[in-house]
Amino acid sequence: MLHSSIAKFTAVAFGAALLSTAASAQNQANTPIKIVIGFPAGGALDNLARAMAEKLRTDLGRTIIVDNKPGASTHIALMTVKRAPADGSTILISPAPPFVTHPLTYDKLQFDPDKDLIPVAHLADTPLVATTSASSPYSSMREYLDWVKKNPKETGVGMVSMGGVLHFGVLQLNQERGLNLTPIAYKGAPPMLTDEIGGVLPVGMDTVASAGELEKAGKIKYLGVPGMERTKLLPNVPTFKEQGVPGFEQASSWYAAYLPTGTPQAVVSQLEKAMIHIVQDPAFAAKMALGGMVTTGRPGAEVTSLIKTQREASRPVVEKSGYRVTQ
């Protein structure tokens, strides 16, 4: 009789566990996935996130929502994902600075970029380019540096944020060439490009996406691209390195996806595989290229390696500059 009771109890417990597991799986399938980004709607990252959401919705059979949380240099978005349940239902898609340069420049961060989030996949490069007015007397970055030595008051280099790879590229160039180029922050690319066209700003640096239409219209011209190699979007525009201009080898801009630490490895792997498959699809890549992005599709482990490489390359320049962000 005792053995019979135990057997019945075990069977009931096992059945309850199966029902609980099934219910948990069903609840997870019914839980919407949020893709959180630190920018308002309408920009390049928003376009990528919404295109990604559309494809994931089909591939995973889940409801996917894009949650725009701009502000605090994207830290609001990052903290939202850090604090979310570690179950794969909240994904961060972020640019590089919070992971690469912010640990070097902020007096205090509310997050540990190496411990609080798990890199899932490298999704896209957002190629950068230096531009100037179509009427400027120089047509390459090398020519600008020669020109500015004779015109030392024309040292402004515009960018849409301070404390990033372009900012420190300019500072490193100053250190290595004994120049006095002045980084100037703008609230977005449109006012910066307007100043370029008007001859107020000698040089501006931002994404290819922000400059493409004005270059096609003949209002600005390209001076060169930072990074180690030419971009597929502008194959005829030489790199700064090709022109003998140092300091921008690690100045690349990119987007990657992250999950909260503690997310089960099976969930991380599923999303990694799905996202890489999406961004490597030729039709998806072509759509993103129209928005100034070159899709990649590299595993999370490579994101971790890239973050460390770029951070260490930036460290000596940041430390020598004394640049700090206090909160």
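The values are calculated or read from the model by the stated rules, or taken from the named source; none is laboratory data. None of these values were measured; they are calculated from a predicted model. When we count neighbours, we look across all protein chains shown, and the Cβ atoms used for this are built from the backbone with ideal geometry, even at glycine. Side chains are part of the model used for accessible areas, which takes the heavy atoms of the whole protein and leaves out ligands, DNA and RNA. Shrake-Rupley method; radii C 1.70, N 1.55, O 1.52, S 1.80 Å.
Ordered by packing density, taken as the mean number of other Cβ atoms within 10 Å over each peptide's residues, highest first, how do 262-275, 196-209, 76-89 rank? The partial results should precede the final answer.
Working: 262-275: 15.8, 196-209: 21.4, 76-89: 18.2.
Ranked by mean Cβ neighbours within 10 Å, highest first: 196-209, 76-89, 262-275.
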Going by alpha carbons, how many degrees (0 to 90, nearest 10) lie between the helix axis of 165-177 and the longest principal axis of the chain? 40 degrees
Is region 135-259 best put as rounded, prolate or oblate by its Cα gyration tensor, with a ≥ b ≥ c the root eigenvalues, rounded for a/c under 1.5, and otherwise prolate when a/b is larger than b/c, oblate when not? rounded
For the chain, find the longest principal axis of its Cα atoms and tell me its angle to the long axis of helix 141-150, 0 to 90°, nearest 10. 40 degrees
Relative to the Cα centre, what is the charge dipole magnitude of region 286-327, using +1 at the beta carbon of each Lys and Arg, -1 at the beta carbon of each Asp and Glu, and rounding to the nearest 20 debye? 60 debye
Checked against the positive end of the charge dipole of the chain (+1 on Cβ of Lys and Arg, -1 on Cβ of Asp and Glu, about the Cα centre), the farthest of 179, 98, 81 is 81
Would you pull out the residues with amide H under 5 Å of residue 201's amide H, same chain only if 5 or more places away, H placed 1.01 Å from N? 196
Tilt, helix 44-60 to longest principal axis of the chain (alpha-carbon atoms), in degrees rounded to tens, equals 30 degrees
Report which label in [x] 46, 21, 15; [y] 49, 24, 16; [z] 37, 29, 19 holds the value of semi-axes √(5λ) of the Cα gyration tensor in Å derived from the coordinates of this structure. [x]
Sorted by accessible surface (1.4 Å probe, heavy atoms of the protein chains only), largest first, 228, 293 come out as 228, 293
For residue 82, counting only lysines whose alpha-carbon sits under 27 Å away and dropping same-chain residues fewer than eight positions off, the answer is 34, 55, 69, 108, 115, 273, 308
Could you tell me which of 212, 41, 266 has its Cα farthest along the dipole of the chain towards the positive end, charges placed at Cβ (Lys, Arg +1; Asp, Glu -1), taken about the Cα centre? 266
